[in-house]
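Written below as structure tokens is the structure these notes are about.
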Amino acid sequence: MSTPVTTAAASAGSLVDEAEHGRTDHLAGARHDRRGRVRVDPIYYWFLVPTLVLFTLAITVPAVLGIFYSFTNFIGFGDWEFVGFTNYVAAFSDPAILASYGFTFGFAIVTVLLVNVIAFLLAVGLTAKIKLKAGLRAVFVIPMVISGIVIAYVFNFLFSNSVPALGSGLGIPWLSESILANPDLAWLSIVIVTAWQSIPATLLIYIAGLLSIPGEVYEAADIDGAGAVRRLWSVTLPLVSGYVVINMILGFKNYLNVYDVIVGLTNGGPGTSTRSIAMTIFTGFTGGDYAYQMANATIFFIIAVAISVLQLRITRGKAAI
Amino acid sequence: MPHPPISPSRHPNPAAGDRRMRGRLGIAGAVVLASGLALSGCSGAGSGTEDITFLLSKPEAVPYFQDLVAEFNGSQSEVRVTLDSASNLSAGFLRGNPPDVGLLNYNYEMARFMERGALSDLSDMPEADRIRPDVQELVDQYATYPGRTSVLPYSVAAASVIYNVQMFEENGIEVPTTWDELIAACDTLEAAGITPIYGTYKDAWTVAQGLFDYSVGGTTDVPEFLAALEEEGTEVGPDSPVSFQKTILDPVLQMEELAAYSNADAASRGYGDGNVAFANGEAAMYLQGPWALGEIAKTSPDLELGTFPLPMTNDPDDLKVRVNLDLALWVPEASNSKEAARTFVSYLMQQDVMDAYNAAFLGFGTTTDAAPVTDERILGMQEYYDAGEFYQGLSRSIPLTIPIDNYIQAMVTGADIPATLATIDADWARLALRG
């Protein structure tokens, strides 16, 4: 029985390949001159200029300046001098910074898993032939349009007041204490709120992925006698693997930047149990520790670049969408 | 009319509405200014008018100072002041165009500018001599610049224990002046089914400025402690003669003892919750500054409240109140209109102008001839303030790089106290190494 299913999957794979070839064949806007060289209309370059200028001024220049200052003792204004790698050495031995990396990565891993499992299952449900499909999809996407800080403050109220009230009303002791006040569990509240906020975007990508699977593949699987679980595992999952990878990596990179949800929920507390990397970096601006936190930001940037390179490698391979 | 642009804030501002509000204030300011101009127009202004900008940090005082500025602009034609309550201070200094006059909360962050000589010397102004020396000294506790008086304290906020007068009277409790009396009062209240102290640990700053600062300030000479820490620098740790884990261990343990008299849900209550709860009589004592009094009055305008310094020893002579320089005046070195700026500083420093401000905003005067406070709610702190029995909170005198509020929050919610204090020591030493 296993062979026919594999064939179905393989044929779907070749469909994807064909679509890709079709796409790469002809670049938009490219024309061939008499000798067959590709000649691009200069207007396309002009389209890029405004963005390029803005990007350079607003992102590249500040980033380069920031990296430059990470080798100084600049505090945001006034005189400064070069201090070499002092900031970097100090950052690597700073328990507060190390703890923020530990927290942020742990948080990002847990959140990315939770978000993808829930979003995938929801997407499978929402692409099946169920009633109220359009209405349900709209409902599930609502969290996406609310600002993170607003969501965080609403949940802050729920966690501090409503949930404990419910807990003590039902006589459940562990529920009657605010999760935000518990240094060991406060991080879970941030996972929950971040997941609630970011599931819709992930869900949409999965829905797009699931809809791109041609019906014939399922027909073939049906004919081969595959059940629902088998279809999900051996047909659906391999065919959306590209979407899974994209969602995982984009999500992970996003969660590493976690900031506003924490500000709205715990502000890094209780104690220092939920201080993320972004929050630590930001103290550099308010605390006159500009250069030092620029070094921290540079380290963080290098990590983000490494993850991006990894993402490119993987998505260029078998998992291209 | 040169109007400083609202600087783009780099930080993902949680209060997005804030900027819109500032924009509206800006318009209001322009209207006030325009009316001021109309007035001065009659007296034949035009030639030789010098425009200066005036930065104010206290949002609730903006309408008050708008009126003052309009009055000043109307009273003479040499200087025209534009009130600005929105510009980013660091960005202004960084660009080299700071405001010409600043009236801001004076704190550790502000001290950075002074320390690097960014603020001009005002010591030759007659107003500088009117400042109480012990209040002027508060400025120097953060940082100094040799040979300069760069900052003139304008208003002091004194903070101590706010108490519910009726609850104290009904339970036969006198205002405690010793630690033992305080504990006895707490026990009496608890026996009567009243929560002695309302805690709002969810907002870490409330614990830092209240329980922590009062506990440490009531037993320890804060400026001396800070100076010694500064001296030790990288040596601060378990073996140094002065350290957080050694010097303030006892007061922090006392703080823990007091914290036990708080409401059971203190860890999940915030500042706003606390104001409402205290206004509704849910506790007898509340460790907050005068800023909370206005908030409490919104819920219970007629609640009778008083204040007393938190007794941390058994000697009534040790009683002290916590103060901070709520507003202080300065003129940047980089200002192009220093003379005009000084004219406005003199205007603001007139005794009746200062007294009127302090009366309106529950502040204490900073000059030797300042009027005493009259508000019942803060009257209890006057004698200590007059006698110079005050200190600036330790939590506000520590480099912002050290997340002291978070550490304090951890200690009050059950973290190991000696270990947390040792962590602060390690942070201090590490910072000294980099500094």
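Bear in mind these aren't lab numbers, they're just calculated from the coordinates by the rules spelled out. Owing to the predicted nature of the structure, the values given are computational and were not obtained by experimental measurement. All Cβ positions, glycine included, derive from the backbone under ideal geometry; neighbour counts span all protein chains shown.
Observations on the model:
- Entries of B:Lys246/B:Lys320; B:Lys58/B:Lys298; A:Lys129/A:Lys253; B:Lys58/B:Lys202; A:Lys253/B:Lys58 with Cα pairs more than 28 Å apart: A:Lys129/A:Lys253; A:Lys253/B:Lys58
- Charge sum, other residues only, whose C-beta stays under 15 Å from A:Leu126's C-beta, Lys/Arg counted +1 and Asp/Glu -1: +4
- Debye, to nearest 20: dipole size of region A:173-321, +1 on Lys, Arg Cβ, -1 on Asp, Glu Cβ: 400
- Descending by average beta-carbon neighbour count within 10 Å, the peptides A:261-272, B:95-106 line up as A:261-272, B:95-106, the highest first.
- Taking chain A and dividing mean pair separation by its residue count, relative contact order in percent (alpha carbons under 8 Å, at least six apart): 29
- Ranked list, fewest to most other Cβ atoms within 10 Å of each Cβ, for B:Thr343, A:Thr280, A:Thr111: B:Thr343, A:Thr111, A:Thr280
- Whole-number percent relative contact order across region B:322-387, with pairs defined as alpha carbons under 8 Å at least 6 apart: 17
- Kyte-Doolittle mean at least -0.5 and Cα axial length at least 27 Å: DSSP H helices in chain B: B:16-42
- Across region B:323-346, the residues whose backbone nitrogen lies under 15 Å from the label position 7 Å along the beta-carbon direction of B:Glu71 are B:344-346.
- Ascending count of other beta-carbon atoms within 10 Å, so fewest first, for A:Asp184, B:Asp326, B:Asp221, B:Asp203: A:Asp184, B:Asp221, B:Asp203, B:Asp326
- Loop-exposed GluC sites (Glu not before Pro) per DSSP, neighbour cap 15 Cβ within 10 angstrom, longest uninterrupted part of chain B: B:305-435
- Of the trypsin sites (Lys or Arg not before Pro) found in region A:62-134, those that fall in a DSSP loop while having at most 14 other beta-carbon atoms within 10 Å are A:Lys129, A:Lys131.
- Sites B:Asp121 and A:Phe68 - FRET efficiency at Förster radius 35 Å, r taken between beta-carbons, to 0.05: 0.55
- Bridge type composition, the protein assembly as shown - antiparallel percent by DSSP, nearest 5: 60
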